[in-house]
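Chemist: Please see the structure below; I have some questions.
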Amino acid sequence: MRKYVVLGGIGGLVAALGTAALWTARAPSADPAQARSQLATSLRLLAAGNATAARSWALKASRNDPKWGLAHAVLARSYLALGEGQAAQGALDRAKAAGFDMRRARQLRAEAWLLQGEPARALAEARKASPRYGDYARRVAARALAAQGDLPSAQILLAHVLADQDGRDAVAWAALGRVRQQTGDIGGAIDAANRALSLDRRDVEALTLRAELVRGQYGLVAALPWYEAALKVDPWRYGTLIGYAATLGDAGRYRDMLQASRRALATRPGSAEPLYLQAVMAARAGNDDLAQALLQRTGGALDGQPGPLLLAGMLDYGSGGYQQAVEKWRAVVRAAPMNLVARRLLGAALLEGGDPKGAIEALRPVALRSDADSYTLQLVGRAFEATGERDWAVRFLDRAAVPARAAALQFGTDDDLAMLARAVDDAPGSPVARINLIRALLFKGMTAQALDQARLVVRAYPGVPQAHLVLGDTLMTLKRFDEAAGAYARAANLRFDEATMLRSVEALEQSGKRDKAAIVVGLFLAQNPGNVAARRLTAHWQIASARWDDAIDTLEGLRADLGNRDAALLAELALAYAGAEEEDAAQIYAAAAYDLAPLNPAVVDAYGWVAYQIGGTAQAVELLRKAVAIAPGHGGLRWHLAQAQAEAGDAQAARQNIAAALADPGFTDRAPARALAATLGRG
């Protein structure tokens, strides 16, 4: 009589194969000896973490001996390791038909249901599992609880598994890391992933989880070696290949991304994710027809997911299908109300499609931000113009014309405080509810209460990046810039994304630590070489430090990516070329920027400053006066005008503008301004 060991483990199965008697009922073409050898190979590969190869050998064994139930059960186990629940279900059905004792496979059946999106059935099946397979069943049950949204119970159950194993269960640690990642406890997820890898350096799930966490913690480039380490264990692991391909694409390594996505497609022919990634690459290259064709080949498998919806909407919008774009982007905003990109896109499509009131409603939360971008403000202004509310239109268009200088808080909100407080009471273990309340307090000017709450959140959830960010935002509002920089640094140690980078840079600049701010940008850009915000910031600083050639290189790279419709980018290019004494290029870019945004003071100033540098003093004074008229409180604009007026011989006007510049707390060129004022005074 054959004696089997748990199908929740691997090692016992290998031993069982060496001593087990063969089934007596065989298909005429069965090759029991070869099947036994093949299944032993499958189990060794599964134990080594290479589930893809293990599946191939188990499949061979099941075909060589189709009446051998164990072969089908091991095949199901390998399918589960690969995340293929439906295939595992089929293999288990064949195992049952071959006479396999299914009481020994309830934990496998539970995981198959879970992978097919049925967590309730998974929980019910896991509870029936034999105590012999208890740890496996409880891990599945915990994942099912998490899939149902009961994250606290999932963590408690996994903690029990780990306690019973004295913390020596790598699979449970990896599962706990996934659950903590879902809760936003990134610090806890990092710790769990590291513990899993300390027990098993070849655990592909733990390596992939660590890759995802490193991507957020340090950046795209730093994540790649972790994906590659996982793929050394299992070169054809589908989920890992998808993450690797996406990271390569975001890092600008498109050829490598294409190769990885093709490998994923070879692993699962016709699967949607690699086709979507290839569609994104085609869209980035400007080949909308190919992008559309690739999206259609997904067959609707990704319907409802934010990324594909955003891409499909962009393709619709580009071809004039505004209503189709609206439907897609509205779905994204419903699912993720704080997705700023989706809101901007939705607002633009609604406006173009003839629904200005809808555009205002969509853009309102973004426009309420103190640092709302000029594009959003222009859209809102145009929408108010379309509704005939010209007083509101003027307010937003005026804001759009003046460069934003306010702190970068995450989102404006006028939600009722009592309602947000009730949400905290209803979900006492949720950091999200508390953070939403703090942001509302900030928006309503209740900074003391916001600070108290923010400190409580950080103490309660030290591994949640958003907790440190909201504390930093509160401290920025209170102008406690050094402390804010420290809070942002702690957030960056957990997740160093664009928002955290920009906040850190702003706090350090406000603290007078431009050198440290430059280091932060440099570190971020090294890991995220295609990031537009970091490249813009770098170019701005290069211009400020008169590194003209470097600025030109950075800005021309941005222009190649963004096109010729970004007025601010063209204006900075004009300044860089003027500084490099390439007058023709400077004039061309300055004029092009002015044509695009004749009411943007930064653009007008750049046009005037280029004219001044190439000797067109009269034109420079006229343009620089216009820039100051649009933004009279900006010291930098006043300083440029003063220099042009001094050159034109209007000493009195120059002195007045220097005085106005020195009255601006944000004005930095104080020494040369005072020196010029003294010279004018002697004249």
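The values are calculated or read from the model by the stated rules, or taken from the named source; none is laboratory data. These numbers come from a predicted model, not from an experiment. Cβ coordinates were reconstructed from backbone atoms using ideal geometry, including for glycine residues, and neighbour counts include every protein chain displayed. The protein model used for the area step is the full one, side chains on, heavy atoms only, and it has no ligands, DNA or RNA in it. Shrake-Rupley method; radii C 1.70, N 1.55, O 1.52, S 1.80 Å.
One line per residue, one yes/no per condition, for (1) within 23 Å of Gly83 (Cα to Cα); (2) surrounded by fewer than 20 Cβ atoms within 10 Å (Cβ to Cβ); (3) in contact (Cβ under 8 Å) with a residue 24 or more places away in the chain; (4) among the basic types (Lys, Arg):
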| residue | (1), (2), (3), (4) |
| --- | --- |
| Asp150 | yes, yes, no, no |
| Ile156 | no, yes, no, no |
| Asp164 | no, yes, yes, no |
| Arg180 | yes, no, yes, yes |
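Chemist: Hand me the list of helices (runs of 4 or more DSSP H) wholly inside the stretch 622-683 holding 2 or more residues that are at pLDDT below 95 and over 23 Å from Val610 (Cβ atoms).
Modeler: Here the list reads 651-662, 670-682.
Chemist: Right, another one. Considering each of Asp303, Asp316, Asp289 in turn, give the residue that is outside any helix (DSSP H, G or I), among the charged types (D, E, K, R), touching a helix residue (DSSP H, G or I) at 6+ places or on another chain (Cβ under 9 Å) and free of Cβ contacts under 8 Å to residues at least 24 places away in the same chain.
Modeler: Asp303
Chemist: Would you please name the residue that is nearest to Glu118 (Cα to Cα), looking only at residues in the stretch 57-76 that are surrounded by fewer than 21 Cβ atoms within 10 Å (Cβ to Cβ) and touching a residue at least 12 places away in the same chain (Cβ under 8 Å)?
Modeler: Applying the filter and picking the extreme gives Leu59.
Chemist: A follow-up question, please. Looking only at residues in the stretch 226-239 that are outside any helix (DSSP H, G or I) and open to solvent by 10 Å² or more (accessible area, probe 1.4 Å), which one is farthest from Val280 (Cα to Cα)?
Modeler: Only one residue tops the list, namely Pro235.
Chemist: Within the stretch 299-309, is there a residue that is in contact with a Leu (Cβ under 7 Å, 6 or more places away or on another chain) and closer than 15 Å to Ala342 by Cβ?
Modeler: Yes, the stretch 299-309 contains a residue that is in contact with a Leu (Cβ under 7 Å, 6 or more places away or on another chain) and closer than 15 Å to Ala342 by Cβ.
Chemist: While we're looking at this one, here's another question. Out of the stretch 77-105, which residues are part of a helix (DSSP H, G or I), within 16 Å of Ser56 (Cα to Cα) and touching a residue at least 24 places away in the same chain (Cβ under 8 Å)?
Modeler: Arg77, Ser78, Tyr79, Leu80, Ala81, Ala88, Ala91
Chemist: If you don't mind, there's one more thing I want to ask. How many residues are out of contact with any Ser or Thr (no Cβ under 7 Å at 6 or more places or on another chain), under 26 Å from Leu478 (Cβ atoms) and part of a helix (DSSP H, G or I) when one looks only at the stretch 503-530?
Modeler: Matching residues across the stretch 503-530 total 15.
Chemist: Does Val464 meet the test of being farther than 25 Å from Gly512 by Cα, touching a Pro at 6+ places or on another chain (Cβ under 8 Å), surrounded by 18 or more Cβ atoms within 10 Å (Cβ to Cβ) and in contact (Cβ under 8 Å) with a residue 40 or more places away in the chain?
Modeler: Yes: the conditions hold for Val464.
Each row is one residue, and each column tells you yes or no for (1) more than 30 Å from Gly177 (Cβ to Cβ); (2) in contact with a Cys (Cβ under 7 Å, 6 or more places away or on another chain); (3) surrounded by 15 or more Cβ atoms within 10 Å (Cβ to Cβ); (4) free of Cβ contacts under 8 Å to residues at least 40 places away in the same chain.
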{"position": "Asp482", "(1), (2), (3), (4)": "yes, no, no, yes"}
{"position": "Arg495", "(1), (2), (3), (4)": "no, no, yes, no"}
{"position": "Glu506", "(1), (2), (3), (4)": "yes, no, yes, no"}
{"position": "Lys516", "(1), (2), (3), (4)": "yes, no, yes, yes"}
{"position": "Val520", "(1), (2), (3), (4)": "no, no, yes, yes"}
{"position": "Leu537", "(1), (2), (3), (4)": "yes, no, yes, yes"}
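Chemist: Does Arg565 qualify as being in contact (Cβ under 8 Å) with a residue 24 or more places away in the chain and either closer than 26 Å to Tyr488 by Cβ or in a loop (DSSP other than H, G, I, E, B) (or both)?
Modeler: Yes, satisfied.
Chemist: State whether one or more residues within the stretch 584-594 are over 30 Å from Ala283 (Cα atoms), open to solvent by 30 Å² or more (accessible area, probe 1.4 Å), in a helix (DSSP H, G or I) and in contact (Cβ under 8 Å) with a residue 60 or more places away in the chain.
Modeler: Within the stretch 584-594, none of the residues are over 30 Å from Ala283 (Cα atoms), open to solvent by 30 Å² or more (accessible area, probe 1.4 Å), in a helix (DSSP H, G or I) and in contact (Cβ under 8 Å) with a residue 60 or more places away in the chain.
Chemist: Take Arg138 and tell me if it is open to solvent by 40 Å² or more (accessible area, probe 1.4 Å) and free of Cβ contacts under 8 Å to residues at least 12 places away in the same chain.
Modeler: no
Chemist: Assuming Ala223 fulfils every condition listed in (1) within 17 Å of Leu80 (Cβ to Cβ); (2) crowded, with 23+ Cβ neighbours inside 10 Å apart from one, which condition is it?
Modeler: Every listed condition holds for Ala223 apart from (1).
Chemist: Would you point out which residue out of Arg44, Arg121, Arg94, Arg106 is open to solvent by 40 Å² or more (accessible area, probe 1.4 Å), closer than 21 Å to Ala206 by Cα and at pLDDT 95 or above?
Modeler: Only one candidate qualifies: Arg44.
Chemist: Give the stretch 606-621 a look and list any residue that's surrounded by 24 or more Cβ atoms within 10 Å (Cβ to Cβ) and either among the β-branched types (Val, Ile, Thr) or not in a helix (DSSP H, G or I) (or both), or say none.
Modeler: Correct list: Val610 only.
Chemist: Looking only at the stretch 109-118, filter to residues that are open to solvent by less than 20 Å² (accessible area, probe 1.4 Å) and not charged (D, E, K, R); which one of those is nearest to Ala76 (Cα to Cα)?
Modeler: Ranking the qualifying residues of the stretch 109-118, first place goes to Ala112.
Chemist: Let me ask another. Hey, can you tell me all the residues within the stretch 259-280 that are part of a helix (DSSP H, G or I) and farther than 18 Å from Leu311 by Cα?
Modeler: Gln259, Ala260, Arg262, Arg263, Ala264, Leu265, Ala266, Thr267
Chemist: Additional query: Regarding Ala454, is this residue within 28 Å of Asp191 (Cβ to Cβ), modelled with pLDDT of 90 or more and surrounded by 15 or more Cβ atoms within 10 Å (Cβ to Cβ)?
Modeler: Yes, satisfied.
Chemist: Next question. Hey, does the stretch 181-192 have a residue that's in a helix (DSSP H, G or I), touching a Ser or Thr at 6+ places or on another chain (Cβ under 8 Å) and modelled with pLDDT of 95 or more?
Modeler: no
Residues checked against (1) more than 19 Å from the chain's Cα centre (by Cα); (2) surrounded by 24 or more Cβ atoms within 10 Å (Cβ to Cβ); (3) among the charged types (D, E, K, R):
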site: Asp203; (1), (2), (3): yes, no, yes
site: Glu212; (1), (2), (3): no, no, yes
site: Gly216; (1), (2), (3): no, no, no
site: Leu241; (1), (2), (3): no, yes, no
site: Ala246; (1), (2), (3): no, no, no
site: Met257; (1), (2), (3): no, no, no
site: Thr267; (1), (2), (3): yes, no, no
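Chemist: A further question follows. For the stretch 597-605, does any single residue satisfy the condition of being more than 25 Å from Ala631 (Cβ to Cβ), outside any helix (DSSP H, G or I) and in contact with a helix residue (DSSP H, G or I) (Cβ under 6 Å, 6 or more places away or on another chain)?
Modeler: Among the residues of the stretch 597-605, not one is more than 25 Å from Ala631 (Cβ to Cβ), outside any helix (DSSP H, G or I) and in contact with a helix residue (DSSP H, G or I) (Cβ under 6 Å, 6 or more places away or on another chain), which makes the answer no.
Chemist: In the stretch 119-176, which residues are among the acidic types (Asp, Glu) and part of a loop (DSSP other than H, G, I, E, B)?
Modeler: Scanning the stretch 119-176 gives Asp150, Asp166, Asp169.
Chemist: Let me ask something additional. I need every pair where a residue in the stretch 35-56 that is farther than 18 Å from Thr208 by Cα has its Cβ under 8 Å from the Cβ of a residue that is surrounded by fewer than 19 Cβ atoms within 10 Å (Cβ to Cβ) and of a type in the set (Val, Ile, Thr), sequence separation at least 6 or different chains.
Modeler: Ala40/Val14; Leu43/Val14; Arg44/Val14
Chemist: Follow-up question, since we're still on this one. Within the stretch 501-512, can one find any residue that is under 18 Å from the mean Cα position of the chain (by Cα), of a type in the set (A, V, I, L, M, F, W, C) and on the phi < 0 side of the Ramachandran plot?
Modeler: yes
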